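J.: What follows is a structure written as structure tokens; I'll ask about it next.
The values are calculated or read from the model by the stated rules, or taken from the named source; none is laboratory data. The model shown is predicted, which means the values in this text are computed figures rather than measured ones. All Cβ positions, even for glycine, are placed from backbone atoms using ideal geometry, and neighbour counts span all protein chains on display. Note: accessible area is taken over every heavy atom of the protein model, side chains too, but ligands, DNA and RNA are not part of it. Shrake-Rupley method; radii C 1.70, N 1.55, O 1.52, S 1.80 Å.
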Amino acid sequence: MVSGWGGKVLRIDLSRRKFAIQPLDADMAFRYVGGRGFAIKTLWDELPPGVDPLSPLNKFIIAVGPLTALPIPNSGKLLVAAKSPLTGGYGDGNIGSWLAIHMRRAGVDMIIIEGRAERPTYLFIENKGEEFRVDFNDASDLWGLDAFTAEDRIKRIHGTDVGMILIGPAGENLVRFATVVAQKGRSGGRPGMGAVMGSKNLKAVVMRGHGEVKVADPMLRKIGLDAMVATKNKPNYPFWMRQGTTSTVEWAQEASVLPTYNFSEGRFDEYEKIGGFSVERSKITTRSCPQCIMACGHVVRDSENEPAELDYENIAMLGSNLGIGDLPKVAYLNRLADMMGMDTISTGSVLGFAMEATEKKLIKDGIEWGDHRRAAELIMDIAHGETELGRLLSLGVREASRRIGGEAPDFAMHVKGLEISAYDCHAAPGMALAFATSPIGAHHKDAWLISWEVQRGRFDYTREKVEKLVEMQDIRSGLFETIVTCRFPWVEVGLELDWYFRLFKAATGMDMNMSTLSQINNRIYTLIRAFWVREYGGWSREHDTPPAKWFKKPLTKGPLRGAKLDYDGYNRMLSWYYELRGWDENGIPRISTLRSLGLDFVIPQLQGIVKLSQ
Ligand code: PTT
């Protein structure tokens, strides 16, 4: 194998309790790079079309990339992926964990987990050089434990020098937005990656890897250290270290994009109580991924006097979105979600949805705006599948709203079934398009267009905005989700992309620049789109459209009172987006695009489902 990659794929079959080490195909490395690229290629090739995401036939993938775990800024990340039980399409998440470091030490680029264990199991993986051992350990004593307690127990058994990801009760009980957890606070895989683990009776993946990552150029260490110094010397670095992402609360309030009352408004009267300065005053410590120099988890004491972690998304979705203007109470809800192993963004969205449904008298025994006690109760009900409402909400807002019926779908805030992250888009059509075209459903990670948009003219529906969106998606997905390192040094303090191109060259000996990464991302995005089309059995523009509320119900407060999205303007932007990606007017990849990206192999399958345009 060429330098940079470990060269091994570890395939584990839970049903037969067998494993195999397979070589990583060099073509796979060059064309798909790592992380998300490896994940989608594997899911496309190996999943039977239309497979039930919670069946043993779904595959759970853990993938790293050629820059993961190297001595460079913030490289302790990995990507988890599977067909999503929340959306029915492609799902992934990028999570910090020591498991990433141990995979790289052992030379494993990807772990593919298939089948279903007969009873609760956790995997323990170790290597001695090329020799691998995989133990299928009984997890009956761990099943039912929250993710924090289970992690402590596992470390008592295997020592602290291991890496792991695991699930809490939400994953075990197949909550559709259950996440995978690591290190008591890292939480990823928003589209139900924890539920996929749960459906496989898999409580944890634990690994102790031995060995070293081989890179093409020994200068990598020096470039990596220089990149760390450059990161720390950025003017915004000291302020970032004080507040991290939480300073976004004040910015979002000012820009009228802070989700409030289930995305009905963009401003919250009590924002200061839950803002970045409030977090800074209350902070007792920070938590971070391994090898991180920009810790983003800010820990405060919650309303139960326990340490609890906060980031912007969590504060907005469990605070302003629910009408809760009290930091310790928000932190408590955040801690419950972390321990149960469920996504805070979706949790805040299902609770906000339930509050609006209660107000509209569409559900019984519901929850009032701002009621943090009932919110905490409902989080536990959802995680344990304990009451009728808890079970309903555990399905996510799309499915819950379908079951309630009436006007409920009009205030279910999702795209493709994934709940929207914390940016109100009544007056941000570009960000609305970013949510609508994100390859996993409404997540902000592929394009955080909103700050650019607010500065450049938020009411415009221009082609320039769409071009910027495509550029952002190409960088965030084509670079950071494939080399698999944290994007924060670039996005939050402005570390130049050129550092990553130099590091990629030093690690792999290969060139990367804006044009190659745009080609790589086009390939990945188009394959992901083909996967959605195959799994949905067709496609229409509706699937790439943000929720009805932003078009129908204008903001009623603040300087942007009256603002709402315009259907025609939005659809113009969507058409430009399709054109730039080489997809047809319905969002389906064209034959010429598939061919130019080397994706000819998807053509026969898609032709059996939809009519492909030239
Ligand atoms: C990410 C999503 C985010 S995005 C946040 S806050 W953010 C929420 N955090 C949660 C949490 O905490 N607990 C919980 N129970 N659920 C949570 N759900 C939400 O999950 C996270 C950081 C962050 S914090 C962000 S933006 C960046 N994301 C990156 C990314 O996507 N790719 C990449 N290459 N680098 C990134 N760096 C940053 O990492 P998901 P993490 Mg995350 C308490 O996983 O599925 O992408 O969801 O995993 O290790 O916590 O890193 O303001």
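J.: Treat every Asp and Glu Cβ in the chain as -1 and every Lys and Arg Cβ as +1, leave all other atoms uncharged, and give the resulting dipole magnitude about the Cα centre to the nearest 20 debye.
T.: Dipole magnitude for the chain comes out near 780 debye.
J.: Let me ask you something else. Accessible area per residue, 1.4 Å probe, Å², for segment 149-256: what's the number?
T.: Details: 3930 Å² over 108 residues.
Ligands and nucleic acids excluded, the result is 36 Å² per residue.
J.: Scale the Cα Rg of segment 426-565 by the rule-of-thumb value 2.2 N^0.38 Å and send over the ratio, two decimals. Provide the component values of the computation, followed by the final result.
T.: Numbers: Rg = 17.0 Å, N = 140, 2.2 N^0.38 = 14.4 Å.
That works out to 1.18 for segment 426-565.
J.: Further question on the same structure: Can you tell me the convex hull volume per residue for segment 305-442, based on C-alpha atoms, in Å³ to the nearest whole number?
T.: On the way: hull volume 14.9 nm³, N = 138.
Spelled out: Cα convex hull of segment 305-442, divided by residues, is 108 Å³.
J.: Residue by residue, what Karplus-based ³J(HN,Hα) values in Hz, rounded to whole numbers, does segment 460-467 have, using 6.51, -1.76 and 1.60 with θ = phi - 60° and x for Gly and Pro?
T.: 7, 10, 10, 5, 4, 5, 5, 5
J.: Choose one of LEU258, LEU580, ALA563: the residue whose Cα lies farthest towards the positive end of the charge dipole of the chain (beta-carbon charges +1 Lys, Arg; -1 Asp, Glu; about the Cα centre).
T.: LEU580
J.: Give the ranking of ARG561, ARG301 by solvent-accessible surface, highest area first, calculated with a 1.4 Å probe. Kindly include the intermediate steps, with their values, before the conclusion.
T.: Numbers: ARG561 165, ARG301 110 Å².
In descending accessible area the options line up as ARG561, ARG301.
J.: Given N residues in segment 166-304, what is Rg(Cα) / (2.2 N^0.38 Å)?
T.: Details: Rg = 19.5 Å, N = 139, 2.2 N^0.38 = 14.3 Å.
Segment 166-304 yields a ratio of 1.36.
J.: Something else now. Under the Karplus relation 6.51 cos²θ - 1.76 cosθ + 1.60, θ = phi - 60°, what is the ordered set of whole-Hz ³J(HN,Hα) values for segment 39-51, x standing for Gly and Pro?
T.: After applying 6.51 cos²θ - 1.76 cosθ + 1.60, I find 4, 5, 5, 5, 5, 4, 5, 9, 7, x, x, x, 5 Hz.
J.: Another one. Once you keep just the Cα pairs under 8 angstrom separated by 6 or more residues, what percentage relative contact order results for segment 331-457? Present the calculation step by step, with values, prior to reporting the outcome.
T.: Details: 155 pairs, mean separation 24.0, N = 127.
Relative contact order, segment 331-457: 19 percent.
J.: Can you give the alpha-carbon Rg of segment 523-614 over 2.2 N^0.38 Å, where N counts its residues?
T.: Working: Rg = 16.4 Å, N = 92, 2.2 N^0.38 = 12.3 Å.
Dividing the Cα radius of gyration by 2.2 N^0.38 Å gives 1.34.
J.: Under the Karplus relation 6.51 cos²θ - 1.76 cosθ + 1.60, θ = phi - 60°, what is the ordered set of whole-Hz ³J(HN,Hα) values for segment 344-351, x standing for Gly and Pro?
T.: Calculated HN-Hα couplings, in order: 5, 5, 5, 4, x, 6, 5, 5 Hz.
J.: Just to compare against my own numbers: the Cα pair-distance distribution for segment 1-67, 5 Å bins, whole % per bin, please.
T.: 3, 15, 25, 25, 17, 10, 4, 0
J.: Another question, then. Tell me the Kirkwood hydrodynamic radius of segment 1-148 in angstroms, computed as one over the mean inverse distance between distinct C-alpha pairs. Working shown, then result.
T.: Working: mean 1/r = 0.0625 Å⁻¹.
About 16.0 Å for segment 1-148.
J.: Can you work out D for segment 373-470 in µm² s⁻¹ from Stokes-Einstein, where Rh is the Kirkwood radius over C-alpha pairs, the temperature is 25 °C and the viscosity is 0.890 mPa s? Don't jump to the answer; show the numbers that get you there.
T.: Numbers: Rh = 15.0 Å.
Answer from the Stokes-Einstein relation: 163 µm²/s.
J.: Below 8 Å, C-alpha to C-alpha, sequence gap of six or more: please give me the relative contact order for the chain in percent.
T.: Working: 1443 pairs, mean separation 95.4, N = 614.
The value is 16 percent.
J.: For segment 91-189, what Kirkwood radius comes out of the mean inverse Cα-Cα distance, in Å?
T.: Numbers: mean 1/r = 0.0695 Å⁻¹.
One decimal place: 14.4 Å for the Kirkwood radius.
J.: Taking the full set of protein chains and a 1.4 angstrom probe, give the accessible area of HIS158 in square angstrom, rounded to the nearest 10.
T.: 30
J.: Carbon and sulfur: what percent of segment 261-391's accessible surface (1.4 Å probe)? Show your work: numbers first, answer last.
T.: Details: 2020 of 4720 Å².
That share works out to 43 percent.
J.: Of all accessible surface on segment 42-158 at a 1.4 Å probe, what whole percent is carbon and sulfur? Walk me through the numbers before you get to the answer.
T.: Working: 1630 of 3500 Å².
Carbon and sulfur atoms account for 47 percent of the accessible area of segment 42-158.
J.: Go through 78-86, 284-292 and give me the packing order, highest mean Cβ count within 10 Å leading.
T.: Numbers: 78-86: 28.6, 284-292: 18.2.
Output ranking for 78-86, 284-292: 78-86, 284-292.
J.: Have a look at GLY4, LEU395, VAL279 and report the one farthest towards the positive end of the charge dipole of the chain, computed about the Cα centre with Cβ charges (Lys/Arg +1, Asp/Glu -1).
T.: GLY4
J.: Shifting gears a bit: No solvent, one uniform scatterer per C-alpha: report log10 I(q)/I(0) for the chain via the Debye equation at q = 0.10, 0.12 1/Å, two decimals.
T.: Taken in order of the listed q values, log10 I(q)/I(0) reads -0.82, -1.25.
J.: Which value, in debye to the nearest 20, gives the size of the charge dipole of segment 235-340 about its Cα centre, when Lys and Arg are +1 and Asp and Glu are -1 at the Cβ? If you can, show how the numbers build up before the last one.
T.: Working: 9 positive and 15 negative charges, 57 e Å.
Using only the charged Cβ atoms, the result is roughly 280 debye.
J.: Under the 0.36 nm per residue contour assumption, what length would be gained going from the current alpha-carbon distance of GLU542 and ASP25 to full extension?
T.: Details: separation 517, 0.36 × 517 = 186.12 nm, distance 3.72 nm.
Stretched out fully, the GLU542 to ASP25 stretch lengthens by 182.4 nm.
J.: Given points 7 Å out from each Cα along the Cα-Cβ axis, report the GLU304 to SER282 separation in nanometres with one decimal.
T.: 1.6
J.: I've got another one for you. How would LEU145, LEU10 rank on accessible area, largest to smallest, probe 1.4 Å? Provide the component values of the computation, followed by the final result.
T.: Values: LEU145 35, LEU10 0 Å².
Descending order: LEU145, LEU10.
J.: Using only the alpha carbons of segment 483-582, what is the convex hull's orientation-averaged projected area in square nanometres? Please report the intermediate quantities before stating the final value.
T.: Working: hull surface 39.6 nm².
Mean projected area for segment 483-582: 9.9 nm², to one decimal.
J.: Same structure again: How high is the relative contact order of segment 114-233, in percent, counting Cα pairs under 8 Å that sit 6 or more residues apart? Spell out each step's value before the answer.
T.: Details: 205 pairs, mean separation 35.6, N = 120.
The value is 30 percent.
J.: As I understand it, the dipole of segment 299-423 uses +1 on the Cβ of Lys and Arg and -1 on the Cβ of Asp and Glu, about the Cα centre. Which of MET413, GLY325, LEU336 lies farthest toward its positive end?
T.: MET413
J.: Whenever you get a sec, line up HIS444, HIS298 from highest to lowest accessible area (probe 1.4 Å, protein heavy atoms).
T.: Working: HIS444 20, HIS298 0 Å².
Ranking HIS444, HIS298 by accessible area, largest first, yields HIS444, HIS298.
J.: Alpha carbon centre of segment 545-584 versus segment 66-88: separation in Å?
T.: Segment 545-584 and segment 66-88 have Cα centres separated by 31 Å.
J.: If the viscosity is 1.306 mPa s and the temperature 10 °C, what Stokes-Einstein diffusion coefficient in µm²/s follows for segment 240-328 when Rh is the Kirkwood radius over Cα pairs?
T.: Details: Rh = 12.9 Å.
It comes out at roughly 123 µm²/s.
J.: For segment 448-507, what is the accessible area per residue in Å² when the probe is 1.4 Å? Could you put the intermediate results ahead of the total?
T.: Values: 2040 Å² over 60 residues.
Accessible surface, normalised per residue, equals 34 Å².
J.: Determine the per residue accessible area of segment 537-614 with all protein chains present and a 1.4 angstrom probe, expressed in square angstrom. Each step should come with its number before you reach the end.
T.: Details: 3760 Å² over 78 residues.
Result: 48 Å² of accessible area for each residue.
J.: Can you give the accessible area of ASP45, probe radius 1.4 Å, in Å² rounded to 10?
T.: The accessible area comes out at roughly 90 Å².
J.: Then there is this: Please give me the summed charge of the neighbours of VAL299: other residues whose Cβ is under 15 Å from its Cβ, Lys and Arg +1, Asp and Glu -1.
T.: Numbers: positive: LYS184, ARG186, ARG242, ARG281, LYS283, ARG287, ARG301, ARG335; negative: GLU280, ASP302, GLU304, GLU306, GLU309, ASP311, ASP338.
Computed value for this residue: +1.
J.: Still on this structure: Per residue and in cubic angstrom, what volume does the convex hull of the Cα atoms of segment 430-512 have?
T.: Details: hull volume 8.1 nm³, N = 83.
Hull volume over Cα atoms, normalised by residue count, gives 98 Å³.
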